[in-house]
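*Asks:* Please read through the structure below; I'll follow up with questions.
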Amino acid sequence: MILAIETSCDETAVALSDAEGRPLVSKIASQIAIHARYGGVVPEVASRNHSHDLRPLCEAALAEAKVQPQDIALIAATSGPGLASSLLVGNTFAKAMVVGLRVPFYAVNHLEGHLLSPFLNAGGTIEPHVGLVVSGGHTLLIEVRRVGEYHLLGSTKDDAAGEAFDKVGRLLALPYPGGPHIAEQAESGNSQAFSLPRSMINSGDFDFSFSGLKTSARYLLDAMSEEERQSSLPDVCASFQEAIVDVLVSKLIDACRATGHRLAAVSGGVSCNRRLRSQMANAAKKAGIELLLADPDFTTDNAAMIAFVAAMRRKSECPPSSLDSDIDPNLRLGSSSHS
Ligand code: KG4
Ligand code: ZN
């Protein structure tokens, strides 16, 4: 049994998974409602809530899975990237349990958790592929050669895709985080109603830029009266969402063509967006590419993806982490052709 702990940002998450990384229990104590009133995550508040919630969540996970602490053979915790004070809570808790139970410890990169999450329910074998991670903090195109061998193809030059959703959500006075609210509004909107830029779609590389799109959305809204803003909300949301989806789909397919991979995987909080999922599926089918989308339950931050990375590392005989290993708020993933 693997116990995994994820506290990189504002979700306290605990999972218990089997040796193959298949989750038995995946529990999340969400802090979204707490941070919503500030319009974003307040680090100090997040870490206090992790400290408060982690132990009861862990006990609840063990009880639900009918697992005794002695049944735990390995403990994993997210070591970065993320908020330092949040990462510290989960890491210290995990290491204390490691000392008490005398089991190996795996420090896991949060982005590797997202990256491999589409394989969580796909039999546990990671095939070489191109992975797209689209979350609140990152937009990454990565060539995965095998577990632990990642080559960064491209990333965002400014805002991450989720960050763009959240910033435009704020412009539209939607609750935090804006992503799911924009997606909901977009369901009844016309994606062709407003013309918004698809930045860098033909840049010939695998980098992204979303801040220009956000600025265009601001200009569009500034030119509207309050009534117009209200009545065109679904159309603005659908047009904005479509601009992001178009770029993500186009770059992923291009990256598959350029690297010769016939398998693509999409993960991270934004990957639960329904329009993104359906457009990805259409484009992949047309291009003859097999597509794995992370299960919607494991797109936003969770600990099952952290347990899965630990299981895959264990399987590939990767040595455990030292208890002296530190957290790293700026932890990166993979080698880059840019540096
Ligand atoms: O992966 P995640 O939980 O956290 C990070 O590691 O950043 O991603 C959170 C992001 C937020 O920006 C949120 O607005 C976005 O995922 N998100 C969505 C949707 N659901 C969550 N964006 C677009 N459409 C959605 N349905
Ligand atoms: Zn995340």
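*Asks:* Shape of segment 1-150 from its Cα gyration tensor (a ≥ b ≥ c, root eigenvalues): rounded if a/c is under 1.5, otherwise prolate when a/b > b/c, or oblate?
*Replies:* On the way: a/c = 1.76, a/b = 1.07, b/c = 1.65.
Note, shape of segment 1-150 comes out oblate.
*Asks:* Would you calculate the separation in nanometres between label points at Ser30 and Lys157, each defined as 7 Å from the Cα along the Cα-to-beta-carbon direction?
*Replies:* Calculated label separation equals 3.5 nm.
*Asks:* Under 12 Å from the Cβ of Glu228, count the other residues' Cβ atoms, weight Lys and Arg +1, Asp and Glu -1, and hand me the total. Don't skip to the answer; put the middle values down first.
*Replies:* On the way: positive: Arg229; negative: Asp222, Glu226, Glu227, Asp235.
That works out to -3.
*Asks:* Once amide H atoms are built 1.01 Å from N in the peptide plane, which residues 5 or more positions from Leu24, or in another chain, come under 5 Å H to H?
*Replies:* Hits under the 5 Å cutoff: Leu16, Ser17, Asp18.
*Asks:* Sort His114, His52 from largest to smallest accessible area, using a 1.4 Å probe on the heavy atoms of the protein chains.
*Replies:* Working: His114 0, His52 130 Å².
Heavy-atom accessible area, descending, gives His52, His114.
*Asks:* Based on alpha-carbon centroids, what's the gap between segment 101-116 and segment 193-222 in Å, whole number please?
*Replies:* 35
*Asks:* While we're on this one: In terms of modelled amide H atoms, which long-range or inter-chain residues lie less than 5 Å from the amide H of Leu153?
*Replies:* Here Leu141, Ile142, Glu143 satisfy the definition.
*Asks:* Now a separate question. Please give the contour-minus-distance gain from Gln192 to Glu64: 0.36 nm per residue of separation, less the Cα-Cα distance, rounded to one decimal in nm.
*Replies:* Values: separation 128, 0.36 × 128 = 46.08 nm, distance 4.73 nm.
Gain in length upon complete extension: 41.4 nm.
*Asks:* Right, another one. Hey, which aspartates and glutamates would be in cross-link range of Lys251, C-alpha to C-alpha under 12 Å, not counting anything within fewer than 8 residues on its own chain?
*Replies:* Candidates past the 8-residue exclusion: Asp205, Asp207.
*Asks:* Ignoring ligands and nucleic acids, what accessible area does Asp159 show with a 1.4 Å probe (Å², nearest 10)?
*Replies:* Number for this one is 10 Å².
*Asks:* Something else about it: Working with all protein chains in place, sort Glu149, Glu187 by solvent-accessible area computed with a 1.4 Å probe, largest first.
*Replies:* Details: Glu149 65, Glu187 115 Å².
Largest accessible area first, the residues go Glu187, Glu149.
*Asks:* In addition: What accessible area, in Å² to the nearest ten, does a 1.4 Å probe give for Val130?
*Replies:* Roll a 1.4 Å probe over it and Val130 shows about 0 Å².
*Asks:* Across segment 128-294, what fraction of all alpha-carbon pairs, as a whole percent, falls in each successive 10 Å bin from zero upward?
*Replies:* All Cα pairs, binned at 10 Å, distribute as 11, 42, 32, 12, 3, 0 percent.
*Asks:* Mind listing the phi-derived Karplus ³J(HN,Hα) values for segment 23-32, rounded to whole Hz, using 6.51, -1.76 and 1.60 with θ = phi - 60°, and x for any glycine or proline?
*Replies:* For segment 23-32, the Karplus curve yields x, 8, 9, 9, 10, 10, 9, 7, 9, 3 Hz.
*Asks:* For the chain, calculate the relative contact order in percent as a whole number, restricting contacts to Cα pairs under 8 Å that are 6 or more residues apart.
*Replies:* Relative contact order of the chain: 25 percent.
*Asks:* Now for a different question. In units of 2.2 N^0.38 Å, what is the alpha-carbon radius of gyration of segment 260-339? Please report the intermediate quantities before stating the final value.
*Replies:* On the way: Rg = 16.2 Å, N = 80, 2.2 N^0.38 = 11.6 Å.
In units of the 2.2 N^0.38 Å rule of thumb, it is 1.39.
The values are calculated or read from the model by the stated rules, or taken from the named source; none is laboratory data. Just so you know, these numbers come straight off a predicted model, no measurement behind them. With ideal geometry, Cβ positions are generated from the backbone for all residues, glycine too; neighbour counts draw on all protein chains shown. Note: areas computed on protein heavy atoms with side chains; ligands, DNA, RNA excluded. Shrake-Rupley method; radii C 1.70, N 1.55, O 1.52, S 1.80 Å.
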